Amino acid sequence: MPTIIVCLKYAVDVAQIKVDPSTRKLITTDAPRKISDFDKNALEEAIRIKEKFGGEVIALTASAEDASSAL
């Protein structure tokens, strides 16, 4: 039975990033964080493989502690 490890990045939601009009710099301090869409797709595919062949899926992230709520 396979063990599938999926690496997830907990990052700023790019749809929520704002630009400061005076400095034209990105404002990310209040933007919510989420698992990237690419990583969600990888996790979903890993789950499909697990359901078809058995085994287990392990999700890993190297991030701040608030990422555990997303896992």
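Overview of results
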{"read-out": "Tally, over the range 1-30, of residues that are among the hydrophobic types (A, V, I, L, M, F, W, C) and closer than 30 Å to GLY55 by Cβ", "value": "7"}
{"read-out": "Filter result for LEU43 (at pLDDT 95 or above, in contact with a strand residue (DSSP E or B) (Cβ under 9 Å, 6 or more places away or on another chain) and of a type outside the set (Ser, Thr, Tyr))", "value": "yes"}
{"read-out": "Meets criteria (part of a helix (DSSP H, G or I), within 16 Å of the chain's Cα centre (by Cα) and loosely packed, with under 14 Cβ neighbours inside 10 Å) for GLU51", "value": "no"}
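The values are calculated or read from the model by the stated rules, or taken from the named source; none is laboratory data. Since this is a predicted model, take the numbers as computed values, not measurements. A quick note on method: Cβ atoms are made from the backbone with ideal geometry, for glycine too, and the neighbour counts reach across all protein chains shown.
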